[in-house]
Amino acid sequence: MVKYLIPALILSIVGCQPQSQEQSVKHEAGPITLVIHGGAGTIRRENMTPEKEAAYHAALKTALDSGYAILEKGGKSVDAVIAAIKVMEDSPLFNAGKGAVFTNEGKNELDASIMDGSNLMAGAVAGVTTIKNPITAAHAVMTKSEHVMMIGRGAEIFAEEQGCEIVHPTYFFDSARYKSLMKAKENENDKSALLYDPYIKDQKFGTVGAVALDQYGNMAAGTSTGGMTNKKYGRVGDAPIIGAGTYADNNSCGISATGWGEFFIRLGVARDIAALVEYKGYSIQQAADSVVMKKLPKLGGDGGVIVLDRQGNFALTFCSEGMYRGHINKKGEAKTFIYKD
Ligand code: ASP
């Protein structure tokens, strides 16, 4: 019995710890890069205050710095993606983790996924209500199970077994998000509200994602979200679906998406971008443009993607009015943006 308990205990301790054991190994340094997004949508200057803008820039910068700290020490891209996403999951500013939006039933159901471009391993969780950092649970699914996606209560039990931090569902309560739900419900049948009110039109703000390239030339991508305000109980968007909201392959690029999830699923946005790079030799900018600026709006969807390739080139592309986003280069120089200009 003890023979089985000890390895299980060790597993449960390391399962949700993203730190890599290879961090101390010296390698020839490559062009480490990290790109992140904090969601796309109808993000307009007139709906912002200078304080709110500054808070978003600061949170994005903290996320970039924490991912960079791992890459800079020789850490792995997967660990950098987790570190950056955890910062945004812990911030109420983003629709992920702490700031997750509410379902039609007044609950918070969270989705996340991660993919390792070096071996095409992937992990995802969907519809979870008690995992503080769903990205760590997605990582545990990828590294500690034989599966790619786990949902609901089963995913929560597994995450707990792997040592992920579990919280009471009320941890995710945020009064501003709750007000958005009330507003969305009030206006559910008012079609004109869809046209003028960004909160009603979008019903989502601030899904988070990260794509990293480490000094070993390995790509990783991850995405985490609360989904869309007023989503019907049990609805799952693109964020936890490998090939829709997240994809990473050292042979092409890494992608994390944000936007109206149903359209991203129908187009297989992340995989489509990677396929254009892999099979057609498109640059990542051309690939992102042809999917996000052409196919997506043509179908009636909107949103954006962050894409990074193995040379450290990146594209931060969106067809919505804004996208919280940023990048940090090998020298640790970070830039963050909100609007188109
Ligand atoms: N893509 C997310 C979803 O549909 C929402 C978002 O990115 O804002 O669940």
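The values are calculated or read from the model by the stated rules, or taken from the named source; none is laboratory data. Remember, it's a predicted structure, so these values are computed and weren't measured experimentally. Note that each Cβ is placed from the backbone with ideal geometry, even for glycine, and that neighbours are counted across all protein chains shown. Heads up: the accessible areas ignore ligands, DNA and RNA and are worked out on the full protein's heavy atoms, side chains in. Shrake-Rupley method; radii C 1.70, N 1.55, O 1.52, S 1.80 Å.
Miscellaneous remarks
- Checking V292, V236, V269 one by one, the residue that is aliphatic (A, V, I, L, M), open to solvent by 10 Å² or more (accessible area, probe 1.4 Å) and closer than 30 Å to N187 by Cβ is V236 and no other.
- Looking across the stretch 270-297, just one residue is touching a strand residue (DSSP E or B) at 6+ places or on another chain (Cβ under 6 Å) and of a type in the set (S, T, N, Q), and that is Q285.
- Every residue from the stretch 140-172 that is touching a residue at least 40 places away in the same chain (Cβ under 8 Å), open to solvent by 20 Å² or more (accessible area, probe 1.4 Å) and not β-branched (V, I, T): K144, M149, E161, G163, E165, P169, Y171
- Selection of the stretch 94-106 for residues being at pLDDT 95 or above and open to solvent by 10 Å² or more (accessible area, probe 1.4 Å) yields only K98.
- Residue match in the stretch 148-155 (condition: at pLDDT 90 or above, under 25 Å from S66 (Cα atoms) and either of a type in the set (D, E, K, R) or within 16 Å of the ligand (Cβ to nearest atom) (or both)): no
- Residue ID - farthest from the ligand (Cβ to nearest atom), chosen from residues in the stretch 201-224 that are over 21 Å from N313 (Cβ atoms) and not in a loop (DSSP other than H, G, I, E, B): K201
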